[in-house]
Amino acid sequence: MKITAKKLVFAAFIVLLAASAWQSVFGDGMHVNIDGDEIDGPIGFLLGTLFAGGGLLIATVAITCAAVFVGVLFAGLGILMISGMVLLAVVVAAAVSPLLLPLLIPVGIYMIFRSRSRKQQQRAMLEHAV
């Protein structure tokens, strides 16, 4: 945006803000009803703004508390879900391990022979290095 466009947008914003403030203070459209008593005019505007701000403040506190509660709740549910998945993995591993024993015997024999040849190679390297 060019500088003139920025100035024009800023001026339009100021004019609209001034017009809305003028209407709310000097207009007759602002009425506040408190326990059956109707208050209008500048005092009505002041009370309406005060009560609306207080309501927004209470709503902000309530929504923040609800967000914290939901965050803690979902964190706890996540921990429960992860612990449940770990328990399920342990149960599945315990159920499958007897079935995998015939496959683990050849793997164990291969590991024994491999470690034996590795030890012999290391011994030969140590003797050759000296």
Conditions (1) surrounded by 10 or more Cβ atoms within 10 Å (Cβ to Cβ); (2) out of contact with any helix residue (DSSP H, G or I) (no Cβ under 9 Å at 6 or more places or on another chain); (3) not basic (Lys, Arg): number failed by residue 42: (2)
So residue 32, is it outside any helix (DSSP H, G or I), touching a residue at least 12 places away in the same chain (Cβ under 8 Å), surrounded by 10 or more Cβ atoms within 10 Å (Cβ to Cβ) and over 28 Å from the mean Cα position of the chain (by Cα): yes
Residue check for residue 51: assigned to a helix (DSSP H, G or I), out of contact with any Asp or Glu (no Cβ under 6 Å at 6 or more places or on another chain) and touching a residue at least 12 places away in the same chain (Cβ under 8 Å): yes
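Here is a yes/no grid of residues against (1) on the phi > 0 side of the Ramachandran plot; (2) surrounded by 10 or more Cβ atoms within 10 Å (Cβ to Cβ); (3) at pLDDT below 85:
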| site | (1), (2), (3) |
| --- | --- |
| 73 | no, yes, no |
| 83 | no, yes, no |
| 106 | no, no, no |
| 124 | no, yes, yes |
Residue pairs meeting the criteria (Cβ under 7 Å; at least 6 apart or on separate chains; first touching a residue at least 12 places away in the same chain (Cβ under 8 Å), in segment 103-130; second surrounded by 10 or more Cβ atoms within 10 Å (Cβ to Cβ)): none
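The values are calculated or read from the model by the stated rules, or taken from the named source; none is laboratory data. Note that the coordinates shown come from a computational prediction; the quantities given were computed from them, not determined experimentally. Positions of Cβ are backbone-derived with ideal geometry, glycine not excepted, and every protein chain shown enters the neighbour counts.
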